[in-house]
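Only one structure is covered here, and it is reproduced in the block below.
The values are calculated or read from the model by the stated rules, or taken from the named source; none is laboratory data. Here the structure is a predicted model, which is why all the values come from computation and not from measurement. Neighbour counts are summed over all protein chains in view; Cβ atoms, including those assigned to glycine, are modelled from backbone coordinates with ideal geometry. For accessibility, only protein heavy atoms count, side chains too; no ligands or nucleic acids. Shrake-Rupley method; radii C 1.70, N 1.55, O 1.52, S 1.80 Å.
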Amino acid sequence: MTSLPEGWQNTRQNMIMLQHCILKRVLQQFYSGNQETTKSLLSGFPAALQHGHRAAGHRSKSTGLPGESERTLIAIKPDGVQRRLVGQIIQRFEQRGFKLVGMKMMKVSEDLLSQHYCELRTKPFYPSLLHYMTSGPVVVMVWEGHKVVQTSRKMVGHTNPAEAQAGTVRGDFSIHVSRNVVHASDSLEGAQREIQLWFQGKELLNWDCCDQTSTCEV
């Protein structure tokens, strides 16, 4: 590829720097409520950047994709932490395009587990489940994105790793149902209940992801 003349490159860089400075001033005026000054500053400014400015102002008030965003709870169980699979599991969700809005490492109390597994407390395997889940730390996360609950379940795979497809977390990293590496909320309602159980509101962050428009149409 033919390189551009050095003088032209410098001119182009100066133009980009000038545009960034003007856009910064526009944003300051916009958020201060001075609409007339904003219009004046935008006069003659590249149309694409003007539209980007409006979109940025709109997204700052949202928590994700308008009308499409969901949140789900993903917990890496003690065997996943002990086997140092945390980074690989996080990478799968990041590469898929989901946004991490909350994460912490913790030792889980039996009280919290009794609420989380309230439907399993009468099962004969419940004591073994408690022993397993309290045997070491877990890494619990909240992920946000378009249909994240349904997609995460598919990414995690069948509860019994022996029936999980290759390419799923359980299909790749586990062989027995008693050590199936990870938990994922099974429904939107279940996700909302579990997130409230494991996280306080202040522990979840609302932030704008720079690749948001590249992963889903808004």
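Taking the square roots of five times each eigenvalue of the Cα gyration tensor of the stretch 83-199, the equivalent ellipsoid has semi-axes of 21, 18, 14 Å, listed largest first. Residue order by solvent-accessible surface for His131, His158 is His131, His158, largest first, with ligands and nucleic acids left out and a 1.4 Å probe.
Sort the following peptides by mean Cβ neighbour count (other Cβ atoms within 10 Å, averaged over residues), highest first: 135-145, 173-183.
On the way: 135-145: 20.6, 173-183: 18.4.
Listed from highest to lowest mean packing, they are 135-145, 173-183.
Rounded to the nearest 20 debye, the dipole magnitude of the stretch 175-218 is 280 debye, with +1 charges on Lys and Arg beta carbons, -1 on Asp and Glu beta carbons, and the Cα centre as origin. Summed over the residues of the stretch 121-214 and divided among them, the accessible surface reaches 55 Å² per residue at a probe radius of 1.4 Å.
Going through the cross-link list Lys99/Lys202; Lys104/Lys154; Lys77/Lys147; Lys77/Lys107, which pairs have a Cα-Cα distance over 19 Å in this structure? Each step should come with its number before you reach the end.
Working: Lys99/Lys202 17 Å; Lys104/Lys154 23 Å; Lys77/Lys147 23 Å; Lys77/Lys107 10 Å.
Exceeds cut-off: Lys104/Lys154; Lys77/Lys147.
Look at the dipole of the stretch 148-218 built from charges on Cβ: of Gly201, Gly167, Ser214, the Cα furthest out on the positive end belongs to Gly167. Our estimate of slack between Glu110 and His176, defined as 0.36 nm per intervening residue step minus the Cα-Cα distance, is 21.5 nm.
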